[in-house]
Every structure is written in structure tokens, then in C-alpha cells.
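Only one structure is covered here, and it is reproduced in the block below.
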Amino acid sequence: MQATPSLQSWLDHLRSLAPVTGLAHVGAGTGQDAARYANWNIPSVVFIEADENCHDKLAAAISGHPGWSIHIALLSDKEQEKDFYLASNPNENGVLPPESLASLWRNLKTKEQCLLNASTLDSLLTKLHAESETINWLVIDCLPALPVLRGAGQRLGDCDVIIARVVLNQAQLHVAGASKAEIDVFLSEHGYRCIAVEEERQPAIGKALYVRDWKTSFANNVQRFQEAASIEARSSAQFQKKMDEQSKLATERQQQVAQLTQTCNEQTKLVAERQVQIEQLAKAKDEQAKLATERQQQVAQLTKTLEGQIPLAAERQVQLKQQVNELTRIQDSLSQTIKTEITNATKQLEAFFSIQSYFESGQVIGELHGWPISPDLGLYLIQQLEANPYDLVIEFGSGTSTQLIAKTLATIAQRQPTRLKPIQVAFEHLERYHQKSLAVLQQSGLTEAVALHHTPLKPYTSPDGEAYSYYDCEPALQALANAFKNNPAPVILVLVDGPPGTTGPNARYPALPLLLKHFPDTQIDLILDDYNRPTEKEVISKWLNDLDALHISFDRIEESLDKGACKLSLAARNKKI
């Protein structure tokens, strides 16, 4: 089995290929990387950190280095005011609300929130003049990295190496401008390619290493020289000389990359040899375990025949038990090591094939992730819309599902023009998410296809007298009911994906009572998301009790999806709740 060199191994080789003449580190924190830069003997380092509370520790970390400097600044893609959050874990301080990272760090909380004036990396380095002229390495140690890179402007053309903190698993964390896929696309357009990735302690996040693609840079330089020749009417001899120089430089760079690749292959072979050693150790462990078992049997026999030596036998048995425990610990450690190596090798192979695909076809292999709803729920909704001629689709909680449903209905209408297109309505209680959903619909050209309502939460008392906090949606529901007066028994699809459980116990329960109130004689397919959670199971239980009490017939289907889902199909009826 082959393994891929570590990120540190790549950095050691790149410092020979592209020596660090100057480095800018965005998101420097308290200067954790200062010791590494000192070992690299970097003459000029610009540390940039938005949290002014880190200044004193950062200053202490860089003391003794006259060419190094500290700058307290928040960076983005343009000059603007932005919210900055101090988290309970200082490593996650930044422009992302700490609660948005709860899928990675369960107990992460916001300690403080403030409004800062953000600037761009280009404008900050321009103010430094000579201090920034030597910078050819760039480290972006914050999320999301894409706005900072966009704000670098023409500075990207001066860099040889870029290290960025990226999201590796968008299914676990979806943040705009933070994914490796987005960074890959942006930097490839500026002549860079990714050669290594290393996971952090939380494997959904990691560091991605990008180097300048000398072949692409050469092509860009040729184009610039051609344009310059046209504009400035340079002589053909001068133009050819510059092209020859650039061609020679590109060839030398390609040779250096080939040498680096050969060195990395040698290290890969060394890792494989170590893997063989691990397997040999595992075999020796099995032999030791077998020997321990045999010795334990001998102890049992001696205990039976030599009762006078019971204390000694008991002592030996304790020793053997300790040996077995130690061997078990070694086995567990070896198993975990092998598992980690295999997982890393698999990921590196995937990265290698992606790089190979890029150089062969110009395309990078990607993944389809980043659904606020689970992809399998999205497919399930499409299947329901394809299979059933609904008159009305209602969502309690907007988001990706809103766009998905609208696109599906548009696709069906285009394919089946004679089929009646249902009305689509979505309710959202938070203004910022309402605006986000509206922006997505506008970008997709689906604004007119969805009635997207901003409905803040208000007190709601259910028929059994219990109090809840629920969407202020009754006026809209009544208007819909009036619109269907000529169709007294419409077929309705309802997706219940809000409000969140933090708004109160059984927060999603009011959906069914409100539907039965405004659509008393209607066929309803009601889908509840997140059914794997105990609170949603309790909501279904309460709904079933209500339906039984009202003598309303229904079918119940539990879907084995990623987060679970439960579908209740209610037959048309003549009773009101």
C-alpha cells in the first residue's frame, strides 16, 4: 500500500524550490507559528490578526525579529463593516457565528460580538510599501478564506505558495467561500494548483497547500508579451528573446517540480516500508497473544497440582493479565494507526486522481455536498412531486428545499405542459434566512414561482389548550383556503422543517392543527423532517392522537433517510379541529 507525503514534507521541499523571501499570515492568533517561521529563517513576516486581545502575546512571540511586524485588522473582499465574533474556543474567532460551527464543535458558543471595519489584503499590504514587496508566501488561517483571497487582488501574482484553511466536508459544514472546492476553482483561475491537503483535529476542516502552476504562468506571460508587443510595437527580436527566456524559465521550473515529485515518491516508498514493519509487528503481537494464552493454561495446571504454590501462581496470573492488557492496547493502537493510514491514503489517492484529471483534461473531480437538507430527503421530495398531481405545496421553514421544489415543479411543467402547476408557499420566521432564500430564488430566476412569506413567531394556543410559539401564517393560510373555494378538496403536499427545537418543546406540532383548521376537507401528504430526533417522534405521536380523536383515516410511512423522515397521508374528510 502506498501513502502520500505529509503537508510538512511538501513544505520542506517547497522552501528549496521557492525560497521564502517574505510571508503574510492572516489569522495569526497569538503567534503559534512564529517558532516555525524562525526555524525557516524568514527575513520578513507580516502577522495580521483581527482580535486586538491577541496583540500582546503576538508581540511577545515575534520579539527578536526586526523584520517582522504585527497588524490588527479584519480582512475581506472589500472595504465594509462586518460582524466579528469571539468564540469560547479562541481558535474559531472570526466572521462566522460560533453557533454556525455547532456541527463540528458541539459546545462552541459566542462570548462577544462586535462590528469592525474590514479592509482588503491588497490595501493593507500597499500601505506597508517596502515591507510587503518581498512577500511570496501567503497563509490564510481563518474561515472563510475566499473573501480574503479575493481581496488580495494583484498580490496573488506575486506569490509562489499559498496555504489556506478550508472546509473538506461540505455535508458536515456548508459555509459560502470556505470549501476546498471553491478555493480550488478561484486559485486555478490565478495559476495555482493544490498539491496536498492535511486534516485538522476535526477532519471536516483542514489545510490545503497550493503552488503556482508554472506551465500556466508561462502561457499567461506569453499572452502578456504578445499584447505588449502589439501595443508598444516592440521589435520581433526582443519579443522572441523574452519568449525564449520565459520558455527556459518554465522548463527549469518543470524540471524542479519533477525532481520534487521524485523525492516525494521516495518518501512514499519509505512510508510503504514502514507499513510492512507495522504488519510484522501485528504478526508478532498475535504470536505473543498466543504465547500468553498457553502460559495462562500452564498456570491453571500448576494451580491445580501445586496448591502450596497458590500465592506464587496468583502473582504470575496477574502478570500475565497485565501482559494481555498491554498486548490488547498495542493491538488497538496498531489497528487505529492502520485505519488512519488507510483513510489518509484513500483521501490522498482521491486528491492525486483529481490532480491527474486536471492536468489531463483541465477538469477537477469534485463532490456534490452542501445541502442544508439531506440529499436523500431532496430526492424523496422530487419523487413525491413527480408521482402526485398536487394543487398546493406548503413549507414551514424555507431554505434549499424551497429552491429544489421550485426547480422540480418548473422541470415537470416544462416536460408536461398540460399538467396543472401547483401553488408553492413557504414560511420563514427569521429575516436573514428569509432574505437568503429570496436571494437564491432571484439568482435561479424562480422568484415568481414561490410565495415566500416572512412570518415571525407569535404565541399560538392549540385546540387542547397548550401554548406554542409558531409562524404568524394564519392570514396566508386563510387566503389560500379562499383561493381554493372552487376546488373544495385540493391535494396538498406539506414539508415541516421548522421552526427549530430551540424555540420550545414540540416546536413543530402546530403545523397539523393549523392545516386541519383552514383545509377541513382536503387530502394532505404531510412530511416531517429530522424524524431521527426524539422531539420529532413526540410530535408525530401527538399528531396521531389528534387524528384518532377526530376519526380521520391516514397512512403512516417512516422513511429511512439520513436524518429520518415520517410521512402522514390524510384522506379527505368533513370535520374541523
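I'd like the Kirkwood hydrodynamic radius of the range 375-570, using the inverse of the mean 1/r over distinct C-alpha pairs, in Å.
Values: mean 1/r = 0.0585 Å⁻¹.
About 17.1 Å, per the Kirkwood formula over Cα pairs.
By how many nm would the segment from D286 to D464 grow when fully extended, if each residue of separation counts as 0.36 nm and the alpha-carbon distance is taken off?
57.6 nm
Based on the alpha carbons, how large is the Rg to Rh ratio for the range 7-213 when Rh follows Kirkwood?
My calculation of the ratio gives 0.93.
So what are the ³J(HN,Hα) numbers for the range 53-64, from phi and the Karplus equation (6.51, -1.76, 1.60; θ = phi - 60°), rounded to whole Hz, Gly and Pro as x?
5, 8, 4, 5, 5, 5, 5, 5, 5, 9, 4, x
Roughly speaking, what is the stretch gain from I382 to Q317, that is 0.36 nm per residue apart minus the C-alpha to C-alpha distance, in nm to one decimal?
My answer for the length gained is 17.0 nm.
Apply the Debye scattering formula to the chain, with a single equal point scatterer on each alpha-carbon and no solvent, then give log10 I(q)/I(0) at q = 0.08 Å⁻¹.
-0.80
What nm distance separates the two modelled labels at D555 and Y433, each placed 7 Å from Cα along Cα→Cβ?
3.1
Where Lys and Arg each count +1 and Asp and Glu each count -1, what net charge lies around S569 among other residues with Cβ under 9 Å from its Cβ? Present the calculation step by step, with values, prior to reporting the outcome.
Details: positive: R556, K567; negative: D525, D555.
Overall, the nearby charge balance is 0.
Identify the residues of the range 79-110 with backbone N under 17 Å of a label point that sits 7 angstrom from the Cα of K57 along the Cα-to-Cβ direction, or state none.
Inside the label zone: 85-94, 109.
How many percent of all Cα-Cα pairs in the range 460-503 sit more than 14 Å apart?
The calculated P(r) of the range 460-503 puts 67 percent of pairs beyond 14 Å.
Starting from the 7 Å offset along Cα-to-Cβ, what nm value, one decimal, do you get for the label separation of Q255 and D562?
Going by the 7 Å Cα→Cβ label model, 4.9 nm.
If R₀ is 22 angstrom, what is the calculated FRET efficiency for the pair T411 and T447, using the beta carbon separation as r and rounding to 0.05?
0.80
Explain nothing, just compute: Karplus ³J(HN,Hα) = 6.51 cos²θ - 1.76 cosθ + 1.60, θ = phi - 60°, for every residue of the range 536-547 in order, whole Hz, x for Gly and Pro.
Working through the residues one at a time gives 5, 5, 5, 4, 4, 4, 5, 4, 5, 4, 5, 5 Hz.
Using modelled amide H (1.01 Å from N, peptide plane; none on Pro or chain starts), what sits under 5 Å from the amide H of W68, excluding residues fewer than 5 places away?
Those qualifying (amide H under 5 Å, at least 5 residues apart or on another chain) are V45.
Across the range 78-92, in residue order, what do the Karplus-derived ³J(HN,Hα) couplings come to in whole Hz, using 6.51 cos²θ - 1.76 cosθ + 1.60 with θ = phi - 60° and x for Gly and Pro?
7, 6, 6, 8, 9, 6, 10, 10, 9, 9, 5, 10, x, 5, 9
Could you give the C-alpha radius of gyration of the range 511-577 expressed as a fraction of 2.2 N^0.38 Å, taking N as the number of residues it contains?
Computed over Cα atoms of the range 511-577, the ratio equals 1.09.
What does the net charge come to around L101 if you take all other residues with beta carbon closer than 12 Å to its beta carbon, with K and R at +1 and D and E at -1?
So the surrounding residues net to 0.
Could you give the C-alpha radius of gyration of the range 426-538 expressed as a fraction of 2.2 N^0.38 Å, taking N as the number of residues it contains?
1.12
Going down the table (K207/K537; K458/K517; K207/K283; K421/K567), which pairs top 29 Å between alpha carbons?
In this structure, K207/K537; K207/K283 exceed 29 Å between Cα atoms.
Straight distance only, please: which aspartates and glutamates reach the Cα of K109 with their own Cα at less than 12 Å, same-chain residues fewer than 8 apart left out?
E92, E99
Please compute the net charge surrounding R212, taking Lys and Arg as +1 and Asp and Glu as -1 over other residues with Cβ under 9 Å from its Cβ. Write down the numbers at each step before the final one.
Numbers: positive: R193, R253; negative: D160, D213.
My count for the surroundings of R212 gives 0.
Within the set K78/K180; K269/K290; K180/K269; K127/K248; K248/K269, which residue pairs have Cα atoms separated by over 26 Å?
K269/K290; K180/K269; K127/K248; K248/K269
Taking R0 as 35 Å, what FRET efficiency do you get between D521 and Q113 from their Cβ-Cβ distance, rounded to the nearest 0.05?
0.10
How big is the range 109-216 along each principal axis, measuring the range of its Cα positions in Å and listing the largest first?
In descending order, the Cα extents are 40, 39, 21 Å.
Restricting to Cα pairs below 8 Å that are 6+ residues apart, what does the relative contact order work out to for the chain? Please round to a whole percent.
9
Compute the length gained on full extension between Q8 and A204: take 0.36 nm times their separation in residues and subtract their Cα-Cα distance, giving the result in nm to one decimal. Let's see the in-between values first.
Working: separation 196, 0.36 × 196 = 70.56 nm, distance 1.94 nm.
Length gained between Q8 and A204: 68.6 nm.
Amide H of G151 versus every other amide H placed in the peptide plane: which residues, excluding those fewer than 5 positions away on the same chain, fall under 5 Å?
L121
Given a Förster distance of 35 Å, report the FRET efficiency between N265 and I330 from their Cβ-Cβ distance, rounded to the nearest 0.05.
That gives a FRET efficiency of 0.70.
We did not get these values from a lab; they are worked out from the coordinates using the rules stated. If you're wondering where the values come from, they're calculated on a predicted model, not measured in any experiment. Glycine gets a Cβ as well: all are built from the backbone with ideal geometry, and neighbour counts include every protein chain shown.
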